[in-house]
1. What number of residues in segment 35-52 are over 22 Å from Phe100 (Cβ atoms) and either free of Cβ contacts under 8 Å to residues at least 12 places away in the same chain or surrounded by 15 or more Cβ atoms within 10 Å (Cβ to Cβ) (or both)?
2. Tell me which residues, restricted to segment 13-34, are open to solvent by 60 Å² or more (accessible area, probe 1.4 Å) and part of a loop (DSSP other than H, G, I, E, B).
3. Among Ala111, Ala55, which is the only one that is surrounded by 15 or more Cβ atoms within 10 Å (Cβ to Cβ) and not in a strand (DSSP E or B)?
4. What about Glu294, is it under 21 Å from the mean Cα position of the chain (by Cα), open to solvent by 30 Å² or more (accessible area, probe 1.4 Å) and under 27 Å from Leu356 (Cα atoms)?
5. May I ask you to list the residues in segment 120-137 that are at pLDDT 70 or above and open to solvent by 90 Å² or more (accessible area, probe 1.4 Å)?
6. Taking Ser286 and the conditions (1) buried (at least 16 other Cβ atoms within 10 Å of the Cβ); (2) among the small types (Gly, Ala, Ser); (3) at pLDDT 90 or above, which numbered condition does it fall short on, given that it satisfies the others?
7. Report the residue count in segment 28-46 for those that are of a type in the set (Asp, Glu) and touching a helix residue (DSSP H, G or I) at 6+ places or on another chain (Cβ under 7 Å).
8. Name the single residue, out of those in segment 58-86 being closer than 25 Å to Gly104 by Cβ and open to solvent by 90 Å² or more (accessible area, probe 1.4 Å), that is nearest to the chain's Cα centre (by Cα).
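The values are calculated or read from the model by the stated rules, or taken from the named source; none is laboratory data. In this text, all values refer to a predicted model and were calculated from it rather than measured experimentally. Cβ placement follows ideal geometry from the backbone for every residue including glycine, while neighbour counts extend to all protein chains displayed. All accessible areas refer to the heavy atoms of the entire protein, side chains included, with ligands and DNA or RNA removed. Shrake-Rupley method; radii C 1.70, N 1.55, O 1.52, S 1.80 Å.
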Amino acid sequence: MTPARSRHIRRKTASPGATNVAIIGAGRGGTALMEIFANDPLVQIVGVAEVDPRAPGLSLAEQLGIPVTRDYRQLLDMERVDLIIDVSGSSEVWHALQDFHRMGVTVIGGASAKFMWELIEARIRATAEIEKTLTKYQSLYRLYVKESSAAVTEERTRIACEIHDGLVQSLAGVNFKLDLCQQLLRKNPKAGLATIKETKAQLKLAIQEARQVIFNLRPLHYDKMELIPALTNYFKSYETNTHIATHFTVTGDERTLFPRTKIFLFRIIQEALSNVEKHAKAKRVSIRLEIDVEMLRITIIDNGIGFDMEAVLRDPEKWDHFGIKGILERARLVGGEGRIESKKGHGTKVVVEVPLANRAKRKDGSHGEN
């Protein structure tokens with residue numbers, strides 16, 4: 001028995017009507033029986049017999065405070081015993097037990113006992129696997145909470161900058177032009193009318209910028225959760241604002257994706273393209289989205305200056321600076337994996353893959369869904 005498993009086992013107080021069990025053998029079988037019975041209030045282990053001082057179950061018996069003897073016959077002489085289980089594997093012991101008869105005492109051994117402890121051992125392994133999976137999803141949930149909080153702060157900062165640098169300045173310009181129009185209309189009506197025309201054009205631009213800010217706040221149409229139209233609009237805006245040629249191709253049906261996956265996918269692409277704008281000095285970027293029955297794959301390739309991937313991975317600050325961490329963590333949060341390939345002078349390639357097999361049937365919104 002491993003120490004990790006023993007930490008979860010405590011000697012409990014048995015109920016008044018508990019079955020008193022004696023176990024012969026402290027090998028794999030005896031260990032499995034002690035592990036499962038130790039947590040059962042309806043069972044009280046009254047003794048264990050084992051001749052091998054190196055048997056793995058002896059340390060567990062000591063931990064649980066179970067009396068141990070080398071002579072199994074001492075267990076047969078105990079007054080308060082209801083069930084004797086022989087998992088020693090000794091034919092001599094089993095033959096002796098077959099001749100043992102006492103009112104109210106049941107003896108299990110041979111193939112029946114082996115089947116019992118193997119079944120119990122399988123249950124212990126299954127429980128350990130469940131605990132391992134639960135720990136994994138708890139870790140992912142903590143990552144989700146952390147990432148969500150960071151994403152909110154990041155989005156607020158980005159949108160605030162957009163409003164300050166774009167919309168606010170445009171509206172301030174419109175206000176200035178309107179003041180100018182007021183003065184010109186009294187002195188030079190013709191020039192005033194021309195300024196009004198310019199002001200209308202500037203106001204139209206401010207409206208477009210306001211719509212872009214609103215779109216960035218709600219990139220997906222939440223009534224329909226349409227990913228492809230949202231990406232298409234985003235790429236048009238990105239191309240206009242950054243002057244980086246953007247080529248988008250898609251295969252498959254987005255209706256097979258869960259809303260949560262669509263949101264995270266949009267943010268992954270947004271993060272990757274933000275990195276292209278900030279660091280790559282690229283002239284063009286291609287985005288390919290592939291959706292099939294078993295796999296969702298997004299590939300983003302730019303023709304920028306690239307970077308030394310190994311150097312970045314060795315330096316946590318650079319890892320954050322280049323936006324790699326955010327992309328990989330968002331991929332993990334939808335059960336996928338991300339990888340980034342780059343070399344100086346050869347651009348950068350981002351690939352995110354999310355398995356979809358056997359998940360299309362899910363209809364609920366449980367954690368870990370795609």
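1. 4
2. First pass over segment 13-34, keeping only residues open to solvent by 60 Å² or more (accessible area, probe 1.4 Å): 13, 16-17, 28.
Result: Thr13, Pro16, Gly17.
3. Result: Ala55 is the single residue among Ala111, Ala55 that is surrounded by 15 or more Cβ atoms within 10 Å (Cβ to Cβ) and not in a strand (DSSP E or B).
4. yes
5. Arg125, Glu129, Ile130, Lys132, Leu134
6. Only one criterion in (1) buried (at least 16 other Cβ atoms within 10 Å of the Cβ); (2) among the small types (Gly, Ala, Ser); (3) at pLDDT 90 or above is unmet by Ser286, namely (1).
7. 1
8. Arg80
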